[in-house]
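This report concerns only the one structure given below.
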Amino acid sequence: MKKDVVKLQKLWKNKYSKPIRHRISRLMYGRKFNAREIGGYLSPGEGAMLYVWASKLPRNSTIVEIGTLYGLSTCYLTAGAQKSDSKVYAIDPFASNLERQIKESDEEQNPYINRKQSKQEVKRTLRKRGLTSFELIKGFSLDVARNGWQRPIDFIFIDGNHQQVQEDYESWRQFLSNGSRVAFHDSNPSFKIKEVSDFVKSIVEKEKIAYLEQVASITSFVLRK
Ligand SMILES: C[S@@+](CC[C@H](N)C(=O)[O-])C[C@H]1O[C@@H](n2cnc3c(N)ncnc32)[C@H](O)[C@@H]1O
């Protein structure tokens, strides 16, 4: 078995064993944004690492987020992006096209489908917190990838439709290159979203990667040659 897969299985087995670096980041940045106030699904440790990864990118990097909901993860990514002079493109249908959202969404997403916010509301959430280095894109991830996206991507955070995780990765893969960071939410098997954990395992098996790490439900790595 490839050594990265062995490492992944080890990481996934013990989701509470956190490297000291993650613990310190969680203490320093994990409460930067108030999850209760904003809403959404992100633990303080996950938010902290999104912030750290975004802040450590080379200058002028491009970050793509699939699945914004109320903007909690977007706040962490954008705050980090502002440290590295980078920009976040956050994709979500927001409160539009609800019929298609219901038709395409997986079970877990149905509870909030009727409480979705408009793009304007989410934009206000970020602006109110002093965040400017972002663009919200109203749409479905696969449509955006296939209809005119051209920018190379330095960091992609995938947290959209779990059933579509493979299509999401495959259609955005062409914009990633050596050195790009990838992070999948809800990928640790203890979060019981089999489509995501199975797919992430297959990617770790197939791709050449480095810096494999896990924080709560997020699995992340950097692509290498
Ligand atoms: C789990 S939530 C994201 C949570 C968010 N990242 C946070 O920090 O709270 C998933 C979001 O992805 C959206 N979504 C579902 N399918 C999508 C697609 N194909 N493209 C973009 N967003 C999608 C859902 O409507 C929902 O807003």
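If you take the charge dipole of segment 3-223 about its Cα centre, with +1 on Lys and Arg Cβ and -1 on Asp and Glu Cβ, which of Pro111, Leu27, Ala79 is farthest toward its positive end?
It is Leu27.
Identify, among Tyr89, Val222, Met1, the residue whose Cα sits farthest towards the positive end of the charge dipole of the chain, taking +1 on the Cβ of Lys and Arg and -1 on the Cβ of Asp and Glu, with the dipole about the Cα centre.
Checking the options against the dipole of the chain, the answer is Val222.
Determine ³J(HN,Hα), in whole Hz, for all residues of segment 49-63 in sequence, where each value follows from phi through the Karplus function 6.51 cos²θ - 1.76 cosθ + 1.60 and θ = phi - 60°; x replaces Gly and Pro.
6, 4, 4, 5, 4, 5, 6, 9, 6, x, 4, 6, 7, 10, 10
Counting every Cα pair in segment 3-223, what percent are over 23 Å apart?
Across segment 3-223, Cα pairs with separations above 23 Å total 43 percent.
Once the Cβ-Cβ distance between Arg115 and Met28 is put in as r, and R0 is 30 Å, what FRET efficiency do you end up with, to the nearest 0.05?
Working from the Cβ atoms, E equals 0.45.
Using Cα-Cα distances under 8 Å and only pairs 6 or more residues apart, what relative contact order does the chain have, in percent?
Relative contact order, the chain: 21 percent.
Expected output is a single nm value to one decimal: the length gained when fully extending between Gln174 and Ser96, i.e. 0.36 nm times separation in residues minus the C-alpha distance. What is it?
Using 0.36 nm per residue and subtracting the Cα-Cα distance, I get 25.3 nm.
I need the trypsin sites (Lys or Arg not before Pro) found in segment 28-80, filtered to DSSP loop residues with at most 14 other beta carbons within 10 Å of theirs.
Filter output for segment 28-80: Arg31, Lys56, Arg59.
Length gain on complete extension for the stretch Lys208 to Lys13, per 0.36 nm per residue less the alpha carbon to alpha carbon distance?
Difference between extended and current length: 68.0 nm.
Output wanted: per-residue J couplings in Hz (rounded whole) for segment 143-151, from phi through Karplus 6.51 cos²θ - 1.76 cosθ + 1.60, θ = phi - 60°, x for Gly and Pro.
Here the 3J(HN,Hα) series is 5, 5, 5, 8, 10, x, 5, 10, 5 Hz.
Percent relative contact order of segment 1-129, based on C-alpha pairs within less than 8 angstrom and at least six residues apart?
20 percent
Among Phe175, Thr132, Ile153, which residue has its Cα furthest toward the positive end of the charge dipole of segment 96-225, with +1 on Lys/Arg Cβ and -1 on Asp/Glu Cβ?
The Cα lying farthest towards the positive end belongs to Thr132.
From the phi of every residue in segment 205-217, what ³J(HN,Hα) in whole Hz does the Karplus formula 6.51 cos²θ - 1.76 cosθ + 1.60 yield, where θ is phi - 60° and glycine or proline is x?
Here the 3J(HN,Hα) series is 5, 8, 7, 8, 9, 9, 6, 5, 8, 9, 9, 6, 8 Hz.
Distance cut-off 24 Å, Cα to Cα: go down the list Lys32/Lys56; Lys119/Lys194; Lys3/Lys87; Lys10/Lys208; Lys7/Lys225 and report the pairs above it.
Going by Cα-Cα distance, Lys119/Lys194; Lys3/Lys87 fall outside the 24 Å limit.
What is the Rg over Rh value, at two decimals, for segment 1-113, using alpha-carbon atoms and the Kirkwood definition of Rh?
Rg divided by Rh gives 1.03.
Is there a quick way to get the dipole size of the chain? I mean about its Cα centre, with the Cβ of Lys and Arg at +1 and of Asp and Glu at -1; what is the value in debye to the nearest 20?
I would put it at about 1020 debye.
Please report, for the Cα atoms of segment 93-225, the Rg to one decimal and the Dmax as a whole number; what are they, in angstrom?
Using the Cα atoms of segment 93-225, the pair Rg, Dmax is 15.6, 43 Å.
Restricting to segment 3-223, what percent of DSSP beta bridges are antiparallel, rounded to 5?
Restricted to segment 3-223, the bridges split so that about 30 percent are antiparallel.
Since every read-out is calculated from the coordinates, none of them should be taken as a lab result. Everything numeric here is computed off the predicted structure, so don't read it as measured data. Cβ: placed from backbone, ideal geometry, glycine included. Neighbour counts: every protein chain shown.
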